[in-house]
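Data first, discussion second: the structure below is written as structure tokens.
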Amino acid sequence: MAANNRRMSGKKGAQVGSGGKRRRGLEGKGPTPPAEMRKGHAKQRAAQAKVRRTQGRPQRRTGGKSSSELVVGRNPVVEALRGGVPASTLYVQQFIDNDERVREALQLAAERGGINLMEAPRPELDRMTNGLNHQGLVLQVPPYEYAHPEDLTDAAYDEGEDPLIVALDGVTDPRNLGAVVRSVSAFGGHGVVVPERRAAGMTAGAWKTSAGTAARTPVARATNLTRALEAYKKAGITVVGLAADGDVELGELDALEGPVVVVVGSEGKGLSRLVGETCDLRVRIPMPGGAESLNAGVAAGIVLYEAARRRA
């Protein structure tokens with residue numbers, strides 16, 4: 001009874017407590033986590049579903065970029081600007097003799113817009129060009145961003161069309177590449193595929209020969225051309241190789257009416273062995289005049305015209 005009276009009294013002393021549980025229960029639990037981190041929250045479920053979709057979708061590869069390029073000399077610079085070659089910077093030597101070509105280069109760069117004009121001393125231009133005869137004008141061409149071979153077929157199907165693609169095997173002259181790009185654009189093709197090594201790339205010379213069509217006709221770069229062609233075949237696309245001793249004449253090639261990749265080899269060596277063996281068909285272009293071969297640009301143009309005629 002005495003102990004009970006002590007607990008009931010207002011005097012201080014030992015009392016039965018909670019062992020600190022109530023005090024810990026009053027402590028804060030930190031800031032409220034965002035909805036995406038709350039278990040069972042709708043936003044968390046949506047975020048997890050997005051991650052699963054991203055992981056399940058293969059990442060689209062690209063064909064990579066080329067290195068930047070310098071066009072050196074007054075005439076080449078003026079011709080590149082006239083031809084619509086993409087450029088980022090025009091370097092002009094300090095105290096340069098202001099002749100007609102220099103004035104035209106400056107005018108073309110200013111009219112196009114987006115090209116930086118930089119004045120530089122001659123030693124700096126000598127260093128940039130490794131001592132080449134730059135004549136006081138240097139034009140910097142930005143790296144070309146190549147497509148992936150799959151991009152060309154995807155673009156065709158997105159437009160509701162059968163792919164019409166040209167692949168180049170061993171073509172090392174940029175002017176031939178530019179001519180092929182121009183023909184692909186003219187006859188409704190969907191792009192050009194080039195190997196990553198030992199082949200012409202989209203240089204200033206290729207841009208110039210394409211007469212501006214390279215801006216709207218994609219060029220894809222394949223790490224291995226044979227594997228790229230095999231991937232096209234697995235996707236249901238007929239791969240046709242041009243060869244002087246081909247088994248089928250161009251006029252008899254019904255494959256041009258459907259999805260097709262036309263492979264053009266170099267003028268001297270033609271198709272390489274592995275690429276030739278990968279082709280579904282080897283086709284010849286009849287030449288009554290007796291010429292031994294055609295360069296890549298001309299051969300591709302003839303086949304593309306025939307394909308466009310049949311698809312019209």
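Structure notes:
- R273-M287 pseudo-label distance in nm [points 7 Å out on the Cα-to-Cβ vector]: 2.5
- Other-chain or far-sequence residues with amide H under 5 Å of V239's (modelled H): V261, D280, L281
- Shape category assigned to the stretch 202-275 from the gyration tensor of Cα positions, a/c cut at 1.5: prolate
- Potential extension, A110-R310 segment - 0.36 nm per residue separation minus Cα distance: 67.6 nm
- Under the Debye formula (equal points on every Cα, no solvent term), log10 I(q)/I(0) of the stretch 144-253 at q = 0.10, 0.19, 0.21 Å⁻¹: -0.27, -1.02, -1.22
- Distance between the stretch 176-250 and the stretch 109-133 - C-alpha centres, whole angstrom: 33
- Computed extension gain for A231 through R122, at 0.36 nm per residue and net of the alpha carbon distance, reaches 34.2 nm.
- Förster radius 45 Å - calculated FRET efficiency between T223 and I96 (Cβ-Cβ, nearest 0.05): 0.55
- Difference of contour (0.36 nm per residue) and Cα-Cα distance, E150 to N133: 2.0 nm
- Simple label model, 7 Å out from Cα along Cβ direction - E252 to D158, nm: 3.9
- Counting only protein heavy atoms and using a 1.4 Å probe, the accessible area of M118 comes to about 90 Å².
- Listed residues D254, D126, D158 arranged by accessible area, highest first, probe 1.4 Å: D158, D254, D126
The values are calculated or read from the model by the stated rules, or taken from the named source; none is laboratory data. Bear in mind the structure is a predicted one, so any value in this text is a computation, not a measurement. Cβ atoms come from the backbone with ideal geometry, glycine included; neighbour counts cover every protein chain shown. The accessibility values were calculated without ligands, DNA or RNA, using every heavy atom of the protein model including side chains. Shrake-Rupley method; radii C 1.70, N 1.55, O 1.52, S 1.80 Å.
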